[in-house]
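Here's the structure, in structure tokens; my notes come after.
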Amino acid sequence: MPSEIPHQRFEARLSDGKTADAQDVMVELTERGISIRLPGSHDPVIWQYGALSTSEPLTQHAIDALVTYAHQLGATLFVPGPRFARSLATLAPQLTASAERWRSARPWLWATAALIAVTIAISLTDLSPARTMAMMLPDEARQTMGRHMVTAMSQGHRLCETADGRAALDKLTAKLSKAAKTESDFRVVVVDRMLVNAFATPGENIVLTRGLLEKANGVDEIAGVLAHEMGHGIERHPETGFIRAVGLNAAAELFTGGGGTLGSLGVLLLQFSYSREAECEADDHALRILRDAEISAKGLAEFFIRISKKGQLQESDPVNLLSTHPVTLDRLAKALRQGGYKLRPALSAKDWRALKSICGASDKVQVPKSE
Amino acid sequence: MAGNAITDVPDGSTAGRQLEVSWLSPIGMTGLSIANFIYRLFTLGIYDFWARTEVRKRLWSAIRLDGEPLVYTGTGKELFLGFIIVFGLVLLPILLLSAGIILAFGPTSPVAQLFPLALYVFIFLLFGVAIYRAQRYRLLRTSWRGIRGSLDGNSWNYGWTYFWTFLLIPLTLGWIIPWRTTKLQTLITNDAMFGDREFFFKGDAGPLYGPFAMLWIGVFAIYVGASLVFAVAIAALQHTFGLDTLSPGGQLKPEIASIVAIGTLGIIAMAYLLYLLISAWYRACIINHFAKRTHFEGAQFKAKVTGAGLLWIDVTNILILLVGALLLIIPLSIAAVLIVAVANSIDATLLESLLGPDVKIRFAAISVPIAIFIMALSFTLLLPVTQARAMGYFISHLSIEGPIALERIAQSTAGQVSTGEGLAQAFDIDAF
């Protein structure tokens, strides 16, 4: 190092930081640090390289340097001309722009790497913090969440209710609930919307649409769909989805610097869709429930086939059943393979008719095929 | 009054110095922009606080008083902590409260509907506070020859004035704006200090009303003009295509809709350019007027910015940002097209057998958010370059008239802060 030291003298201006005045001084870059010689003084003051900082990080473009010293607070040394700045950069490399950037970014680069590693670990293993929290939610909170989601989803549409239809729906739900062997029974409502959809909401609530009932080819399809949604409920998928959405929203705010996303939670409630794994879990439950309830799984399979065909769904539907319930061959095959147990009709023909017209007489355009 | 300061010099020997303000254009801002961008990308944006700090250090350093640079002494850590505190004390509670209210009362209940409204009022009340505090932080972290600036006043006072005068803007059809701008400038400049000496601002909004009237009429004319052009264009479309513009569903046909969308964007862009033109002239008037009314130790500031100058900086800066974004988006798009093409040319079953089931969906699930993240950042790629140009223009047209007795300016005694700008950062109030 000492060989690199130019031992040149530079004219500079020193301010003591007590007033805005400055005095002319001579400085020199030495082995020990910047040597500052005040006019009329014999002993130079030495500013050691390790305790220096500069007003801006030193770069090859530097045209001058303004230096401060940790052991003489407030004092500033201004040295015009690029030569001093560039020599200082070699003698005190910690003051260069690249060194400063690396120093401040390094912890965050590690943090990012750790975050990515944890994310990969979570996705590779079956760990799901959101799900763990969902499992710990008290029942009361889940019920409240569910009720509000049902209200939000049926906004602007009435809930369908006829005495016969309700009785039939309750009969079907009770049968499936019993087979599902859950602690609390599921509550099912039908919303007067023509799009074909069904969804589970927190707290063992399920919403069916009028469109789904009217387009169904038989009660077994409805039983299959209900059993599938119960599967989501049993696995607490709706609760998990909500917690994940809140968490992601908070993280997004943290990373984007906040603002913008506030208050959009109401929208979030309506938006999440399930992963492929979640759908498989729900399917497994559905098949088990259908077997225990002695209902054919063919209905579920037929339903999958039907909704995967183009044209059956209006593409402009805001919530498209196909996008929220992607149908894969695996799922279909699993449902079709199911069998080998005694089958009984899910509901009597009379009950099915009552359920189907729970929203009143269907529109002429939308007449479903008769059974 | 500050005007008497010079004659107060006891022995009369020091009448003060005439300080020369100059701008030493920082070199290497493009390199800095790129380095900052890469670091931001690989730290998920967190490096932003440090990136911003380095940019400020460069910009401040380019401002010279008598050839010596202003020094920005803030740190990235302070900005980061400031943001974390605001996140914990304001943003996170608001988020949890929103979630809680929706859960407890339901998304359709009156409480849940009114809550966002109350929230916006609250946030808006904090807006002025945030501006003031950000300004205070910056002044406290600005020094020249070791002497710090400060802002010695109450941020809530400023925030409240900012809030109620804002409410009056629609009620007065905007005519309160010059008065309001002057009022806010008076509040903040009279609180500002350099060392132990105060800045002094005595402004009146009167001279601003002429230019504002021009701006107001101009905006009105632009609005009417743009609406007329739009109406004529729609009428022409209907005349050309007749009822064919509608699809059976009663909606515009996609091809017509895209013509309308492009046309609308074009009209908005033209209107915006016209607005920039008029408002640049108005802003130049404000800057020059405010500078003239700002005094420090008997010296007076003088700005000679012009509307054309500001407009040129604005327009070229927009173009620079666009170029920066395109520099990123074009290679990214080409890469995306290539990846999709390669993925499609490989047999799907082979791909799945090699990389597991649903490999395409998984890849998309990872790469799409990353691409969106990069695109969102891309418009800020060359931001430091544009900031340097904007600040450079202003400083090169600014001067201080009259001598200042520098030896009389002692270090500031204002209390220090340890974190910076959290609120302003949270609300995206930021010039530099």
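The values are calculated or read from the model by the stated rules, or taken from the named source; none is laboratory data. Keep in mind it's a predicted model, so treat the numbers as computed, not measured. Cβ atoms come from the backbone with ideal geometry, glycine included; neighbour counts cover every protein chain shown. Protein only, heavy atoms only, side chains kept; ligands, DNA and RNA dropped before computing areas. Shrake-Rupley method; radii C 1.70, N 1.55, O 1.52, S 1.80 Å.
Shielding of peptide A:148-155 by partners, expressed as the average count of other chain Cβ atoms within 10 Å per residue Cβ, is 3.
Here the dipole of chain B is about 400 debye; that uses its Cα centre as origin and unit charges on the Cβ of Lys and Arg (positive) and Asp and Glu (negative).
I'd like the FRET efficiency for A:Glu183 and B:Ile372, computed as 1/(1 + (r/R0)^6) with the beta carbon distance as r and R0 of 41 Å, rounded to 0.05. Once the sixth-power term is evaluated, E becomes 0.50. Residue-wise HN-Hα couplings along the stretch A:53-62, as the Karplus relation 6.51 cos²θ - 1.76 cosθ + 1.60 with θ = phi - 60° gives them from phi, are 9, 10, 5, 9, x, 6, 10, 5, 8, 4 Hz; Gly and Pro carry x. The alpha carbon centroids of the stretch B:368-409 and the stretch A:1-71 are separated by 28 Å.
Which angle between 0 and 90 degrees, to the nearest 10, do you get for helix B:110-140 versus the longest principal axis of chain B when only C-alpha atoms count? Helix B:110-140 sits at roughly 40 degrees to that axis.
Note that the stretch A:58-116, at 4 °C in a medium of 1.567 mPa s, gets a Stokes-Einstein diffusion coefficient of 98 µm²/s from its Kirkwood radius over C-alpha pairs.
Comparing B:Gly146, B:Tyr132, B:Thr181 along the charge dipole axis of the stretch B:128-222, the residue lying farthest to the positive side is B:Gly146, per the Cβ-charge model. For chain B, the extents of the C-alpha atoms along the principal axes are 92, 57, 51 Å, listed from largest to smallest. Selection among A:Ser41, A:Thr125, A:Ala105 by position relative to the dipole of the stretch A:15-152 gives A:Thr125 as farthest towards the positive end (Cβ unit charges, Cα centre).
Taking the longest Cα principal axis of chain B as reference, the axis of helix B:383-396 is set at about 30 degrees. Shielding of peptide A:9-20 by partners, expressed as the average count of other chain Cβ atoms within 10 Å per residue Cβ, is 5. Once C-alpha pairs closer than 8 Å and six or more residues apart are averaged by separation and normalised to the residue number of chain B, the relative contact order reads 29 percent. Look at the stretch A:105-113: the mean tally of other chain Cβ atoms within 10 Å of its residues' Cβ atoms is 5. Full extension of the chain segment joining A:Asp292 with A:Ile120 gains 58.2 nm, where the gain is 0.36 nm per residue of separation less the Cα-Cα distance.
Which stretch or stretches of the stretch B:378-404 have amide N atoms under 16 Å from the point lying 7 Å from B:Ile329's Cα along the Cα→Cβ direction? Under cut-off, by backbone N: B:378-383. Heavy atoms of the protein chains alone define the surface here; on that basis chain B has 50 Å² accessible area per residue at 1.4 Å probe size.
Each peptide in B:388-396, A:231-239 was scored by the mean count of other Cβ atoms within 10 Å over its residues; highest first, the order is A:231-239, B:388-396. Scoring A:216-227, B:167-178, B:121-132, B:336-347 by mean Cβ neighbours within 10 Å over their residues and listing the highest first yields A:216-227, B:121-132, B:167-178, B:336-347. Surface composition of chain B: carbon plus sulfur atoms contribute 73% of the solvent-accessible area (1.4 Å probe, protein chains only, all chains present). The three principal axes of the Cα atoms in the stretch A:68-180 give end-to-end lengths of 94, 36, 24 Å, sorted in falling order. Between B:Ala341 and B:Leu173, the FRET efficiency estimated from the beta carbon spacing at R0 = 41 angstrom works out to 0.15. Between B:Gln300, B:Gln238, B:Gln411, the GNM of chain B built on Cα springs shorter than 10 angstrom shows B:Gln238 fluctuating the most. Building the convex hull from the alpha-carbon atoms of the stretch A:2-95 and averaging its projection over directions returns 5.8 nm².
For the pair the stretch B:183-204 / the stretch B:117-150, the C-alpha centres are spaced 14 Å from each other. To the nearest ten degrees, helix B:206-241 and the longest principal axis of the Cα atoms of chain B are 10 degrees apart.
Per-residue packing, averaged as other Cβ atoms within 10 Å, sorts the ranges A:102-114, B:26-38 into the order B:26-38, A:102-114, beginning with the highest. Given B:Lys57/B:Lys77; A:Lys171/A:Lys298; A:Lys18/B:Lys202; A:Lys171/A:Lys356; B:Lys183/B:Lys302; A:Lys181/A:Lys215, which pairs have Cα atoms separated by over 18 Å? Long pairs (Cα-Cα over 18 Å): A:Lys171/A:Lys298; A:Lys18/B:Lys202; B:Lys183/B:Lys302; A:Lys181/A:Lys215.
The Cα center of the stretch A:168-228 and the Cα center of the stretch B:54-116 differ in position by 46 Å. Select from the stretch B:114-208 those trypsin sites (Lys or Arg not before Pro) which occupy a DSSP coil region and have at most 13 other Cβ atoms within 10 Å, ordered by residue number. Loop-located and lightly packed - B:Lys202.
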